[in-house]
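> First the structure, which I've put down as structure tokens, then a few questions once you've had a look.
The values are calculated or read from the model by the stated rules, or taken from the named source; none is laboratory data. Fair warning: this is a prediction, and the values are worked out from it, not measured in the lab. For neighbour counting, all protein chains shown are included, and Cβ atoms are generated from backbone atoms with ideal geometry for every residue, glycine included. What goes into the accessible areas is simple: the full protein's heavy atoms, side chains included, and nothing from ligands, DNA or RNA. Shrake-Rupley method; radii C 1.70, N 1.55, O 1.52, S 1.80 Å.
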Amino acid sequence: MIGTIPKPFEEIMDAVAGYEKLAVIGCDGCAKVCMTGGSDQVEEMAEKLRNQGKNVVLAVTPDRTCYVSKTRTALDPHMDELKQAEAVVILGCGGAAQITRKVTEDYELTIPVKIGLDSVGHMDTLVMGELALEQCQECGECILNETGGICPVTKCAKSLLNGPCGGAQNGKCEVDSERDCAWILIYNRMTALGESDKLRRFMDAKDYSKMAKPRTLNIKERRVA
Amino acid sequence: MKLTELFDKGEFVITSEVGPVKGCLRSSNGDEPPRCAREAEMVRECVHAINVTDNQSAVMRLGSLAASVKLRGKGFEPIYQMTCRDRNRIALQSDLLGACSLGIDNVLCLTGDYTSLGDHKAAKSVFDIDSVQLLKIAKGLNEGHDMMGNTLTKSTDLALGAVVNPNFEPLDLQLLKMEKKIEAGAQFFQTQAVYDPAVFEKMVKKTEGFGVPIQYGIVVIKSPQMGRFMNENVSGITVPDRIIEEMSSVSKEDRKKRATEITTELVREIAPMAQGVHFMPLGWSDIVPTVVDAIKGTV
């Protein structure tokens with residue numbers, strides 16, 4: 001999922017300054033799991049905005065706001081309310097906000113789409129409702145097969161490919177003493193698998209052209225450009 | 001002169017570190033020499049070469065290459081430290097070509113401290129390549145080609161150094177990386193600061209067959225507070241309580257004298273296991289000549 005955290009409410013109020021009639025649109029996908037943009041949080045945000053004197057004309061939560069079709073399915077029945085809105089507040093990731101902007105353009109509505117959350121990475125949920133962890137950078141050339149299923153590109157602060165720096169202490173990273181050193185995790189895992197010798201292989205510099213933004217995924221052709 | 005030539009001749013190689021200043025080095029009449037130049041002068045007669053740190057601890061300073069070239073101009077032998085934190089593969093290769101063009105003979109290839117440890121915490125960390133890859137790339141430049149295989153008009157001729165941390169647990173993982181560094185092109189090693197002879201001996205025994213010279217690294221402990229700070233904040237170094245207590249037991253005025261004695265004892269005990277010693281005096285370069293003098297005949 002895409003991890004999100006709420007922006008400070010004052011920042012959202014700044015973003016919608018001058019707009020009275022607002023639509024609040026959440027996302028029942030990732031933002032629901034992060035408890036930042038599910039239908040409950042959309043209702044809460046609508047209430048807070050009303051308390052600040054705003055007129056919330058629409059509060060709706062598509063299943064997945066990053067899917068054009070699902071967003072349209074949720075918004076199509078509410079076209080009258082959306083047309084009244086002077087601005088939209090999105091409680092979803094940056095993708096959700098941009099898909100919503102595109103959808104409003106498709107509806108031929110020229111209204112600002114503001115975002116109420118900060119997106120903080122591709123996250124995997126460890127404890128539902130409590131903890132998620134970044135494990136993948138979508139680098140375009142997965143090396144998990146060589147590193148015991150633990151990604152050093154993501155889990156090592158320095159994305160080192162050929163082993164640890166010298167900074168780990170008591171198995172923890174020099175950047176954050178609460179965090180395990182990714183390379184010690186990899187080494188322990190490879191040792192347990194009886195494959196630690198495979199770590200001797202020189203890993204070439206990464207091909208960062210595969211991460212060159214913005215990538216386009218051609219799903220039918222299974223091709224990234 | 002390349003450090004490798006000294007090691008080849010069987011010299012016990014002595015180096016000391018200076019950190020470039022946070023400021024510019026263009027001098028006006030009447031300016032006193034910058035601290036890094038003064039520190040270099042303090043060790044001129046007793047070291048073979050001077051390490052010049054690369055924005056050490058991720059604190060922005062004068063660049064390592066500029067400071068190295070300045071020191072070279074004053075007759076010192078600089079070891080240009082290069083980290084992977086701030087430059088991508090294009091800039092690193094370009095700077096290696098630049099270093100050789102400007103008369104630098106020695107380069108120490110490191111990963112680099114993480115950005116958030118320094119004074120520009122919001123900076124984008126680069127780490128496009130790692131230290132093993134940097135060594136391989138630098139070796140390639142010595143052989144006349146860049147990392148993409150493109151031919152250079154003229155090869156570099158740099159002695160390539162690397163670092164290893166004998167305190168690292170598990171040590172075998174650190175040494176696995178050390179072997180990768182050697183295979184990639186590392187010709188000599190400097191260690192992270194070690195205060196426990198047994199820790200150093202363990203590493204020496206395990207690296208006997210590696211065939212590369214190793215310099216014993218030591219950071220001078222200047223005060224009990226510094227020892228405690230290093231234990232709490234500098235990863236990969238353990239300052240024993242014994243040293244912290246010894247530094248606490250003397251008055252502030254006597255600390256430098258006691259630090260000199262402690263450093264001498266450690267170097268006397270540990271350095272004979274190595275092919276050289278690397279001092280990191282952190283501003284107390286003036287004690288290095290005393291220590292070097294005191295260990296003569298033991299290494």
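> How much of the pair distance distribution for chain A lies past 22 Å, counting alpha-carbon pairs only, in percent?
Values: 15235 of 25200 pairs.
Value for chain A: 60 percent of Cα pairs lie more than 22 Å apart.
> Considering the zone a paramagnetic label at A:N170 would reach in this model (a point 7 Å from Cα along the Cα-to-Cβ line), which residues of the stretch B:208-230 have amide N under 18 Å from it?
Zone members listed by number: B:227-230.
> Whenever you get a sec, compute what percent of the accessible area on the stretch A:27-106 sits on carbon and sulfur atoms (1.4 Å probe).
On the way: 1620 of 3730 Å².
Roughly 43 percent, rounded to a whole number.
> So what is the relative contact order of chain B, in percent, for Cα pairs below 8 Å that sit 6 or more residues apart?
Relative contact order for chain B comes out at 19 percent.
> Can you tell me the relative contact order of the stretch B:24-98? Whole percent, Cα pairs under 8 Å, sequence separation 6 or more.
Numbers: 53 pairs, mean separation 20.7, N = 75.
Relative contact order for the stretch B:24-98 comes out at 28 percent.
> Would you mind computing, in nm to one decimal, how far apart the modelled labels at B:R38 and A:T73 are, each placed 7 Å from Cα along Cα→Cβ?
About 7.3 nm separates the two model spin labels.
> Give, to the nearest whole percent, the P(r) tail of the stretch B:1-127 beyond 18 angstrom, counting all Cα pairs. List each step's numbers first, then the result.
Details: 4375 of 8001 pairs.
That tail contains 55 percent of the Cα-Cα pairs.
> Pairs of alpha-carbon atoms within less than 8 angstrom and 6+ residues apart define the contacts here; what relative contact order does the stretch A:102-148 have, in percent?
Working: 21 pairs, mean separation 9.9, N = 47.
So the answer I get is 21 percent.
> Return one quarter of the surface area of the convex hull spanned by the alpha-carbon atoms of the stretch B:125-175, equal to its mean projected area, in nm². Could you put the intermediate results ahead of the total?
Working: hull surface 19.9 nm².
One quarter of the hull surface, i.e. the mean projection, equals 5.0 nm².
> For the stretch A:1-57, run through the GluC sites (Glu not before Pro) and keep only the ones in DSSP coil with at most 16 other Cβ atoms within 10 Å of their Cβ. Write out the running numbers ahead of the final one.
Details: sites: A:E10, A:E11, A:E20, A:E43, A:E44, A:E47; in loops: A:E20.
Here the GluC sites (Glu not before Pro) that fit, given the DSSP loop and packing criteria, are A:E20.
> Right, here's the next one. Cα-based Rg (one decimal) and Dmax (whole number) for the stretch B:147-221, in Å?
Answer for the stretch B:147-221, Rg first and Dmax second: 14.8, 48 Å.
> Moving on to the next point. Could you give the longest part of chain B that holds none of the GluC sites (Glu not before Pro) found in DSSP loops with at most 14 neighbouring Cβ atoms within 10 Å? Please list the in-between numbers first.
On the way: sites that count: B:E11, B:E45, B:E143.
Value returned for the longest uninterrupted segment is B:144-299.
> State log₁₀ I(q)/I(0) for the stretch B:107-198 at q = 0.20 Å⁻¹ as given by the Debye formula over alpha-carbon point scatterers of equal weight, solvent excluded.
Once normalised to I(0) and log-transformed, intensities are -1.02.
> Over the alpha-carbon set of the protein assembly as shown, work out the extent along each principal axis and list the three values in angstrom, largest first.
91, 55, 54
> Using a 1.4 Å probe and counting only protein heavy atoms, how much accessible surface gets buried when A and B come together, both sides summed, in Å² to the nearest 100? Don't skip to the answer; put the middle values down first.
On the way: alone 13310 and 14130 Å², together 24960 Å².
Protein heavy atoms only, the A-B interface buries about 2500 Å².
> Radius of gyration and Dmax for the stretch A:2-122's Cα atoms, expressed in Å?
Computed over the Cα atoms of the stretch A:2-122, radius of gyration and Dmax are 12.6, 35 Å.
> Skip the ligands, DNA and RNA, and give the accessible area per residue of chain B with a 1.4 Å probe, whole Å².
On the way: 12860 Å² over 299 residues.
About 43 Å² of surface per residue is accessible.
> On to the next question. For the stretch B:14-155, give the percent of accessible area contributed by carbon and sulfur heavy atoms, probe 1.4 Å, rounded to a whole number. Can you show the working numbers first?
Working: 3330 of 6460 Å².
With neighbouring chains kept in place, the figure for the stretch B:14-155 is 52 percent.
> Right, here's the next one. Which value results when the Cα radius of gyration for the stretch A:135-219 is divided by 2.2 N^0.38 Å?
On the way: Rg = 13.9 Å, N = 85, 2.2 N^0.38 = 11.9 Å.
Relative to the rule-of-thumb radius for its length, the stretch A:135-219 sits at 1.17.
> While we're looking at this one, here's another question. Give me the net charge for the shell around B:V194: Cβ to Cβ below 11 angstrom, other residues only, Lys and Arg +1, Asp and Glu -1. Show your work: numbers first, answer last.
Values: positive: B:K202; negative: B:D196, B:E201, B:E269.
Here the charged neighbours net out to -2.
> Could you check the simple spin-label distance between A:T191 and B:V250, using points 7 Å along Cα→Cβ, in nm with one decimal?
Going from the A:T191 label point to the B:V250 one covers 3.9 nm.
> How many percent of DSSP beta bridges within chain B run antiparallel, rounded to 5?
Working: 1 of 32 bridges.
Antiparallel bridges: around 5 percent, rounded to the nearest 5.
> Using θ = phi - 60° and the Karplus relation 6.51 cos²θ - 1.76 cosθ + 1.60, list the HN-Hα couplings for the stretch B:158-165 in order, rounded to whole Hz, with x at every Gly or Pro.
Values per residue, Gly and Pro as x: 10, 7, 10, x, 8, 10, 9, 10 Hz.
> Sticking with this one: What's the average, rounded to a whole number, of partner chain beta-carbon atoms within 10 Å of each residue's beta-carbon in B:163-175? Intermediate values should be presented prior to the final figure.
Working: counts 2, 1, 5, 1, 3, 8, 6, 7, 0, 3, 13, 7, 1.
Counting Cβ atoms of other protein chains within 10 Å of each residue's Cβ and averaging gives 4.
> Taking the dipole about the Cα centre of the stretch A:2-122, with the C-beta of Lys and Arg at +1 and of Asp and Glu at -1, give me whichever of A:G53, A:L117, A:Q84 is farthest to the positive side.
Most positive-ward Cα: A:L117.
> Considering only DSSP states other than H, G, I, E and B, which trypsin sites (Lys or Arg not before Pro) in the stretch A:119-187 qualify as loop sites with at most 16 other Cβ atoms within 10 Å? Don't skip to the end; give the middle numbers.
Details: sites: A:K155, A:K158, A:K172, A:R179; in loops: A:K158, A:R179.
In loop regions of the stretch A:119-187 (DSSP not H, G, I, E or B), the sparsely surrounded trypsin sites (Lys or Arg not before Pro) are A:R179.
> Could you give me D for the stretch A:67-115, from Stokes-Einstein at 4 °C and 1.567 mPa s, where the hydrodynamic radius is the Kirkwood radius over C-alpha pairs? Units µm² s⁻¹, please.
Working: Rh = 10.7 Å.
For the chosen part, D equals 121 µm²/s.
> Are there trypsin sites (Lys or Arg not before Pro) in the stretch B:30-101 that DSSP marks as loop and that have at most 16 other Cβ atoms within 10 Å, and which are they?
On the way: sites: B:R35, B:R38, B:R44, B:R61, B:K70, B:R72, B:K74, B:R85, B:R87, B:R89; in loops: B:R44, B:R61, B:K74, B:R85, B:R87.
Answer in residue order: B:R44, B:K74.
> Calculate one ³J(HN,Hα) per residue across the stretch A:10-25 by plugging θ = phi - 60° into the Karplus curve 6.51 cos²θ - 1.76 cosθ + 1.60, and present them in order as whole Hz with x for glycine and proline.
Once θ is set to phi - 60°, the couplings for the stretch A:10-25 become 4, 5, 5, 4, 4, 5, 9, 4, x, 10, 9, 8, 10, 10, 10, 10 Hz.
> Using a 10 Å cut-off on Cβ to Cβ distances, tally the other chain neighbours for every residue of A:165-178 and report the average as a whole number. The partial results should precede the final answer.
On the way: counts 16, 16, 11, 9, 10, 2, 2, 1, 2, 8, 7, 2, 3, 0.
Mean number of neighbouring Cβ atoms from other chains: 6.
> Give me, ordered by chain and number, the residues 5 or more places off A:V56 or on other chains with an amide H under 5 Å from its own placed amide H.
A:L22
> Further question on the same structure: Averaged over its residues, how many other protein chain Cβ atoms are within 10 Å of peptide A:153-163's Cβ atoms? Can you show the working numbers first?
Details: counts 1, 0, 0, 2, 5, 12, 7, 9, 5, 13, 13.
Partner Cβ neighbours, averaged per residue: 6.
> Something else now. Hey, what D do you get for chain B in µm²/s if you plug the Kirkwood alpha-carbon radius into Stokes-Einstein at 25 °C and 0.890 mPa s?
Working: Rh = 19.7 Å.
The calculation lands on 125 µm²/s.
> Among residues other than B:E183 whose Cβ falls under 9 Å from its Cβ, what is the net charge (Lys/Arg +1, Asp/Glu -1)? Write out the running numbers ahead of the final one.
Values: positive: A:R200, B:K136, B:K180, B:K181; negative: B:E179.
Net charge in that neighbourhood comes out at +3.
> Now for a separate question. Dividing the alpha-carbon Rg of the stretch B:254-294 by 2.2 N^0.38 Å yields what?
Working: Rg = 9.9 Å, N = 41, 2.2 N^0.38 = 9.0 Å.
Compactness ratio reported: 1.10.
> Further, regarding this structure: Given the C-alpha centroids of the stretch B:4-78 and the stretch A:1-41, what is the distance between them in whole angstrom?
54
> Can I ask one more? Can you bin every Cα-Cα distance in the stretch B:179-299 into 10 Å intervals starting at zero and give me the percent of pairs per bin, rounded to whole numbers?
13, 43, 32, 11, 1
> Ordered by residue, what ³J(HN,Hα) values in Hz, to whole numbers, does the stretch B:243-248 give under the Karplus form 6.51 cos²θ - 1.76 cosθ + 1.60, where θ = phi - 60° and Gly and Pro are x?
Result, ordered by residue: 6, 4, 5, 4, 6, 6 Hz.
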